[in-house]
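Shown next, in structure tokens, is the structure this report addresses.
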Amino acid sequence: MPGHSGPIPAQWVVTPAGRFAHSVKLPDSIPKTVPFDFSKARLKALAPNAASVARQYWEHLCETEAGSFILKTVKNVEGFAYLRVVPGTSEQELRDRWRAEAPRLQSDYAWRYDPLTEAVGYVNPPFGTYLYVEYPSAEKSGAFLRLSGYVSRKSPFQVTQVESPTSRYGVTWRGIHRPRDREFLISGHEWIVLDRSNDEVLAVFRDFAITGFTRNEKGGIFWLNAMRCPMRKAVFGRTTGTEEADWVPRVLAPTIYPESLRFIDQLKGVDK
């Protein structure tokens with residue numbers, strides 16, 4: 001696929017949304033894959049109390065590739081289109097190194113997709129201050145729901161079905177593949193914000209997760225508690241939890257600054 005320098009699993013691109021996400025080519029300014037010396041890592045792992053090869057590889061990926069890369073910020077954005085559903089993980093996928101596209105990311109989402117539940121993170125003042133967000137319909141393939149007006153539990157969303165997204169700006173995600181990553185129980189993913197009028201990539205968020213250390217699980221695999229890259233602390237003030245609802249507004253800035261970002265700024269020691 002154009003968005004990758006190497007091959008990816010065929011099941012990642014079986015849907016139109018998946019094919020689009022994996023077709024997005026990132027700007028040259030986004031960090032590229034840096035080769036890792038597995039032979040050297042094996043020798044290093046022999047020393048007392050040394051990190052395993054897997055841990056060394058994960059730290060290498062975090063140091064050389066992971067991060068929040070905001071190329072352009074757009075102000076006073078009323079809303080955007082969420083272009084690809086993030087499917088939750090089944091119990092089997094949480095314990096399997098191969099089956100899910102981005103198992104750590106997907107483990108943060110409910111198994112049953114519900115656009116109304118997900119939209120709360122964006123259109124629920126004072127924490128979500130967009131005027132609307134467009135999500136893929138759970139009932140009609142290819143259609144979208146435009147969700148707006150959520151003020152309180154007593155004032156529910158206004159929901160309008162549209163045949164295709166109307167927003168200029170879009171957000172999508174994709175799993176990424178690095179040499180021997182799943183062999184060492186590592187998975188990576190990217191969030192991408194783009195201008196749909198010209199396909200310009202505005203920002204990329206890239207993270208890698210590592211599992212294999214959970215007791216009482218075969219191979220130690222349990223993606224729900226997989227470790228994430230330390231850079232998340234600098235971006236979000238924490239290393240756990242979902243990310244895109246606290247990251248997208250940094251790129252597509254709504255007119256009213258969300259309280260969720262204000263809270264993150266306080267955690268990071270930023271005066272906003």
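Odds and ends about this structure:
- Members of region 211-229 found to be more than 15 Å from the chain's Cα centre (by Cα) and of a type outside the set (Ser, Thr, Tyr), listed by number: Gly212, Phe213, Arg215, Asn216, Glu217, Lys218, Gly219, Gly220, Ile221, Phe222, Asn225
- Test for Leu202: is it closer than 22 Å to Thr64 by Cα, in contact with a Ser or Thr (Cβ under 9 Å, 6 or more places away or on another chain), surrounded by 14 or more Cβ atoms within 10 Å (Cβ to Cβ) and not charged (D, E, K, R): yes
- For Ile256, the requirement of being assigned to a loop (DSSP other than H, G, I, E, B) and hydrophobic (A, V, I, L, M, F, W, C) is met.
- Every residue from region 11-32 that is assigned to a helix (DSSP H, G or I) and either of a type in the set (Val, Ile, Thr) or free of Cβ contacts under 8 Å to residues at least 60 places away in the same chain (or both): Val13, Arg19, Ser23
- Residues of region 217-249 that are basic (Lys, Arg), free of Cβ contacts under 8 Å to residues at least 60 places away in the same chain and part of a helix (DSSP H, G or I): Arg232, Lys233.
- Residue under evaluation Pro165, criteria (1) of a type outside the set (Phe, Trp, Tyr); (2) under 17 Å from Thr73 (Cα atoms); (3) buried (at least 16 other Cβ atoms within 10 Å of the Cβ), criterion not met: (2)
- Here His177 meets each of (1) of a type outside the set (Asp, Glu); (2) closer than 30 Å to Trp98 by Cβ; (3) touching a helix residue (DSSP H, G or I) at 6+ places or on another chain (Cβ under 8 Å) with one exception, condition (3).
Laboratory data are not the source of any read-out in this text; all were calculated from the coordinates shown. Treat the numbers as computed from the prediction; the structure is a model and nothing was measured. Virtual Cβ from ideal backbone geometry, glycine too; neighbours counted across all protein chains shown.
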